[in-house]
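Here is the structure we will look at.
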Amino acid sequence: MKILCVNAGSSSLKFALYEMPECEKKADGTFEKIGLMGSFYTITKDEEKIVKQVSLPTHKEAVEILLEELVNLNIVSDINEIEGIGHRIVHGGDKYSASCIVDDKVLNDIKDLSELAPLHNPAHYVAIKCVMDMLPNVKNVVVFDTAYHQTMDEASYLYAVPYEWYEKYKIRKYGFHGTSHKYIANRVSEILDNKNLKIISCHLGNGASITAIKDGKCIDTSMGFTPAAGLVMGSRSGDIDVSFIPYLMNKTGYDINQVASDLNKKSGILGISGVSSDFRDIVNGRADGNEKCALAMEMFARRVIMYISYYNTLLGGADVICFAGGIGEKSVEARELIMEKLYPLGITFNNEKNLIRGEEVEISGSTSKIKCYVVPTNEELMIVKDTYNLIH
Ligand code: AMP
């Protein structure tokens with residue numbers, strides 16, 4: 001059975017096609033700069049990569065071209081071979097704690113939740129509507145980034161603000177990257193053959209979050225009402241004292257949209273280093289003696305250990321800490337910086353194993369009180385599996 005995974009972002013659409021239940025990837029690719037100048041797409045099949053410049057005014061054109069190209073490139077012989085489509089959805093609010101098959105109610109909910117995710121949910125909605133129009137007989141499944149975090153209790157998900165802000169306006173912590181954290185928790189449980197683990201899952205990519213997991217369930221997570229909270233990220237600030245915002249506005253004349261935009265797009269390691277939001281550039285900058293890059297890395301690592309230390313206590317002592325995401329999987333330097341700081345928790349690490357990039361590996365030392373693993377994440381596989389399980 002062929003299952004398509006669709007991840008529609010604000011100006012991009014990523015896809016992957018899998019043969020299930022074998023979990024064999026047949027092709028993947030990205031449509032970029034949708035609605036902007038210079039749009040193009042990339043499709044990879046059997047190591048062969050096709051890149052084409054094309055006009056993509058909306059997500060609709062991206063979906064149309066994708067479905068045409070899957071046939072033209074012989075990835076499927078007929079578009080009706082696709083039996084299910086799994087969509088990544090950023091925000092499911094507090095309504096969705098699991099993946100589900102799309103019907104009118106689900107579609108309307110995704111549209112209504114655009115208020116909470118204005119850049120993403122409208123794009124998801126358009127992409128689902130397009131594929132439903134073009135492939136009316138195919139079942140669509142939605143997999144929410146927020147769903148895995150719905151097991152948090154009030155003490156974890158509430159902010160200490162007037163309670164009615166939660167009741168009236170749904171202001172609370174939702175958490176994101178849930179599909180990735182769930183994948184990591186499942187994988188670690190498989191590796192250690194134990195479903196009752198206390199896990200600290202660190203998804204460290206351009207966006208980054210840490211989740212405390214007990215017996216497979218989320219207890220707390222570092223992202224909040226939006227993905228801007230928690231860790232220091234590529235261009236997002238992570239946790240800040242919100243009271244400097246009116247002060248900054250008075251000093252600069254910035255309006256609130258400007259401040260919100262700068263906190264999301266000009267902050268994090270980009271804001272501190274002034275060099276880049278890409279961690280590789282920061283690592284290289286530090287190696288070349290750039291002090292701001294070294295500072296950005298140090299701040300990134302300190303915020304990571306802050307959450308790890310808190311979650312270790314909250315869990316009553318973690319069994320495993322996992323690293324995933326582009327930085328967690330590949331940055332030897334970031335892991336070294338973080339692991340070295342964790343010695344008060346009785347953590348030791350294996351320098352040689354830590355040199356491995358992008359592979360599943362235990363990086364803790366033999367005497368470490370908490371096992372530490374690199375677990376490459378695979379969100380699209382989770383989406384495809386959920387879709388397969390719900391429709392077959
Ligand atoms: P993601 O958002 O999960 O795709 O991760 C992107 C982040 O991973 C970027 O900041 C990249 O610079 C970082 N990254 C990818 N490969 C490496 C690497 N080999 N060393 C350090 N950082 C890396």
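The values are calculated or read from the model by the stated rules, or taken from the named source; none is laboratory data. Just so we're clear, the structure is a prediction, and the values are computed from it rather than from any experiment. Here Cβ is always computed from backbone atoms with ideal geometry, including for glycine, and neighbour counts include all displayed protein chains. Accessible surface is based on the protein model in full, side chains and every heavy atom, while ligands, DNA and RNA are left aside. Shrake-Rupley method; radii C 1.70, N 1.55, O 1.52, S 1.80 Å.
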Hz values of 3J(HN,Hα) by residue in the range 111-127 - Karplus curve (6.51, -1.76, 1.60), Gly and Pro given as x: 5, 4, 6, 4, 4, 8, 9, x, 7, 9, 4, x, 5, 4, 4, 4, 5
Cβ-placed point charges (K, R +1; D, E -1), dipole of the range 66-197 about Cα centre in debye, nearest 20: 400 debye
Gaussian network model of the chain, Cα within-10 Å springs - most flexible of SER366, SER189, SER11: SER366
Cα-centred dipole magnitude for the range 221-333, charges only on beta-carbon of K, R (+1) and D, E (-1), debye, nearest 20: 140 debye
Residue with peak Gaussian network fluctuation, the chain [Cα springs, cutoff 10 Å], from LYS195, LYS168, LYS292: LYS168
Hits among lysines - C-alpha to C-alpha of LYS129 under 17 Å, sequence gap 8 or more where chains match: LYS14, LYS60, LYS105, LYS111, LYS139
For the range 81-137, alpha-carbon Rg over 2.2 N^0.38 Å: 1.10
Fraction of accessible area attributable to carbon and sulfur, the chain (%, probe 1.4 Å): 49 percent
Total charge dipole magnitude, the chain, about the Cα centre, Cβ charges on Lys, Arg, Asp, Glu only, Debye to nearest 20: 840 debye
For the range 39-117 and the range 259-307, distance of Cα centres in Å: 32 Å
Pairs of Cα atoms farther than 13 Å apart, the range 199-240, %: 48 percent
GLU64 versus VAL242: modelled label distance in nm, points set 7 Å from Cα along the beta carbon direction: 4.3 nm
Positive-pole candidate from LEU107, LEU192, PRO118, dipole of the range 99-215, charges at beta carbon: LEU192
Computed [θ] at 222 nm, helices only, for the chain once each DSSP H run of length n ≥ 4 contributes -39500 (n - 2.57): -11500 deg cm²/dmol
P(r) of the range 282-385 over all Cα-Cα pairs, binned every 5 Å from zero, in whole percent: 2, 12, 21, 22, 20, 13, 7, 2, 0, 0
Ranked by how many other beta carbons lie within 10 Å on average, peptides 22-30, 178-186 from highest: 178-186, 22-30
Estimated translational D of the chain in µm²/s (Stokes, Kirkwood radius over Cα pairs; 10 °C; 1.306 mPa s): 72 µm²/s
Estimated translational D of the range 225-343 in µm²/s (Stokes, Kirkwood radius over Cα pairs; 20 °C; 1.002 mPa s): 139 µm²/s
Whole-percent pair-distance distribution, where bins are 5 Å wide, for the alpha carbons of the range 15-109: 2, 11, 20, 19, 18, 16, 10, 4, 0
Prolate/oblate/rounded call for the range 83-228, Cα gyration tensor, a/c under 1.5 rounded: oblate
Principal-axis tilt of helix 256-265 within the chain, Cα atoms, nearest 10 degrees: 90 degrees
Those lysines that a straight Cα-Cα span of less than 27 Å connects to LYS353, excepting residues fewer than 8 apart in one chain: LYS182, LYS195, LYS198, LYS214, LYS330, LYS341, LYS369, LYS371
Heavy-atom accessible area per residue - the chain, 1.4 Å, Å²: 47 Å²
Compactness relative to 2.2 N^0.38 Å, alpha carbon Rg of the range 140-291: 1.20
Chain lengthening between ASP94 and GLU81 when straightened (0.36 nm per residue, less Cα-Cα): 1.2 nm
